[in-house]
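Worksheet for the structure shown next.
The values are calculated or read from the model by the stated rules, or taken from the named source; none is laboratory data. Note that the structure is a prediction, hence the values are computed from the model and not measured. Every residue, glycine among them, receives a Cβ derived from its backbone with ideal geometry; neighbour counts consider all protein chains shown.
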Amino acid sequence: MPGMKRLALVLAAFGLLAAGALTVEARTKKGDQLYNQGQQAEQQRDFAKALEAYEKALAEDPGDISYQMAARRVRFQVGQAHVDRGEKLRSEGNLEEALIEFRQAFEIDPASPIAVQEIRRTLDMIEQQKGLKKPLPPEERGLTPAERARREADRRLASVMSIPQLKPLSPTLMSFKANNQPPRVIIETICKLAGINPIFDPDQAVQGQFRTPVMSVEWTNITIEEALNFIATQARLFWKPISQNAVFITVDNQNKRREVEEQVTRVFYISNVSAQNDLNEIRTAIQQMTGATRVAVSMAQNAIIIRGTADQVALAEILVRNLDRPKAEVVVDVVLMEASRTGSQTLTAAL
């Protein structure tokens, strides 16, 4: 008789376990299907569809850790997409439409500090522009106050520090032909055609180089800069603009270049590098590749300062843009849980 009772208890226990398993399977089967749909949509980068599927799966089983982590991860992606669209609209001057995008980002992901920040910033910009007597032009309407102040500072600095840019009377390409002429005659002729005033070095020691070698040229569809570069290369001359309609020509040697070549100072603010060793590596690369000797690092401003010729500074700018790149990031999903034997078993099964 006792044996029969024990057998009945064992059978009852197995029945309860089987019923529990069926209940769990029935409870999570639909959720798993929705979760798989969300994974497929996420792989296709359709984050809005993925979020919808994950939230439906989470509604089926709110306690499933995998559903929770997936929904949180994709919710961030969908919200960030609205933030990106809002920033693009704001840069184009469409403040009201940008505000709608930022608010949608906040509705999707209320935990996003970026969405809150951009909503406040855009509202401030709208209020500031309401008080203006004269509306801002479209290209400035989307600038934040900090960006507008920076642009004004850049304009002032450019007017003080800029190197003259040659602006011929006719920007169209020209055709030219000359036979057995000295460099000076050819330079004077092409400058006259372009409305540019040539000024030759008055140093008597270099006058002979303006007369040799005698050359023949024939150009079609060429700019004044390209023509001057061609003559300078053939005759070993050096030229530079001294105003919008005047150029200075002298011989090309180290002493003359040091004497007349413009020196430019630029500050490059580094965004993605902060360690001193990394900044020093960028400085070394600039020195080796450009030949500029005056390159300094400002750790306080996280910047690199260079003084050199216009060509050296232009090459340094290209190097900085290519070297100052963001490092790879890893996004880690973290969920804080209370440890228990049942919870550990559930989490292990989910993973």
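At a glance:
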| quantity | calculated |
| --- | --- |
| Options R211, R236: the member that is over 39 Å from the mean Cα position of the chain (by Cα) and on the phi > 0 side of the Ramachandran plot | R236 |
| Subset of the stretch 85-143 that is within 28 Å of A71 (Cβ to Cβ) and of a type in the set (V, I, T) - its residue that is surrounded by the most Cβ atoms within 10 Å (Cβ to Cβ) | T122 |
| Residue within the stretch 123-139 that is in contact (Cβ under 8 Å) with a residue 40 or more places away in the chain, more than 25 Å from Q263 (Cβ to Cβ), part of a helix (DSSP H, G or I) and acidic (D, E) present | yes |
| Those residues of the stretch 300-321 which are under 18 Å from V273 (Cα atoms) and not in a strand (DSSP E or B), in sequence order | A300, Q301, N302, A316, E317, I318, L319, V320, R321 |
| Strands (runs of 3 or more DSSP E) wholly inside the stretch 241-299 that include at least 3 residues being modelled with pLDDT of 85 or more and within 28 Å of N229 (Cα to Cα) | 246-251 |
| Candidate set: the stretch 276-326, residues that are touching a Ser or Thr at 6+ places or on another chain (Cβ under 9 Å) and among the charged types (D, E, K, R); chosen: the one nearest to W239 (Cα to Cα) | D311 |
| Qualifying residue in the stretch 198-207 (condition: among the hydrophobic types (A, V, I, L, M, F, W, C), modelled with pLDDT of 90 or more and at negative phi) | yes |
| Any hit, the stretch 138-151, residues being within 27 Å of the chain's Cα centre (by Cα), β-branched (V, I, T) and on the phi < 0 side of the Ramachandran plot | yes |
| Qualifying residue in the stretch 183-196 (condition: surrounded by 16 or more Cβ atoms within 10 Å (Cβ to Cβ) and either among the basic types (K, R) or farther than 27 Å from S170 by Cβ (or both)) | yes |
| Count - residues of the stretch 144-168 that are among the aliphatic types (A, V, I, L, M), modelled with pLDDT of 70 or more and exposed (fewer than 11 other Cβ atoms within 10 Å of the Cβ) | 2 |
| Hits in the stretch 50-78 - residues which are farther than 20 Å from S112 by Cβ, crowded, with 16+ Cβ neighbours inside 10 Å and without any contact (Cβ under 8 Å) to a residue 40 or more places away in the chain | A53, K56, A57, E60, D61, Y67 |
| Any hit, the stretch 186-204, residues being charged (D, E, K, R), more than 30 Å from I304 (Cα to Cα), part of a helix (DSSP H, G or I) and under 36 Å from the mean Cα position of the chain (by Cα) | no |
| Any hit, the stretch 25-32, residues being among the polar types (S, T, N, Q) and surrounded by fewer than 17 Cβ atoms within 10 Å (Cβ to Cβ) | no |
| Filter result for I249 (in contact (Cβ under 8 Å) with a residue 24 or more places away in the chain, under 23 Å from A310 (Cβ atoms), of a type in the set (A, V, I, L, M, F, W, C) and touching a helix residue (DSSP H, G or I) at 6+ places or on another chain (Cβ under 6 Å)) | no |
| Hits in the stretch 299-322 - residues which are in contact (Cβ under 8 Å) with a residue 24 or more places away in the chain, surrounded by 12 or more Cβ atoms within 10 Å (Cβ to Cβ) and within 22 Å of the chain's Cα centre (by Cα) | N302, A303, I304, I305, I306, V313, L315, A316, E317, L319, V320 |
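Yes/no matrix, rows are residues, columns are (1) among the basic types (K, R); (2) out of contact with any Pro (no Cβ under 9 Å at 6 or more places or on another chain); (3) more than 17 Å from K88 (Cα to Cα):
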site	(1), (2), (3)
A105	no, yes, no
D109	no, yes, yes
E127	no, yes, yes
K130	yes, yes, yes
K134	yes, yes, yes
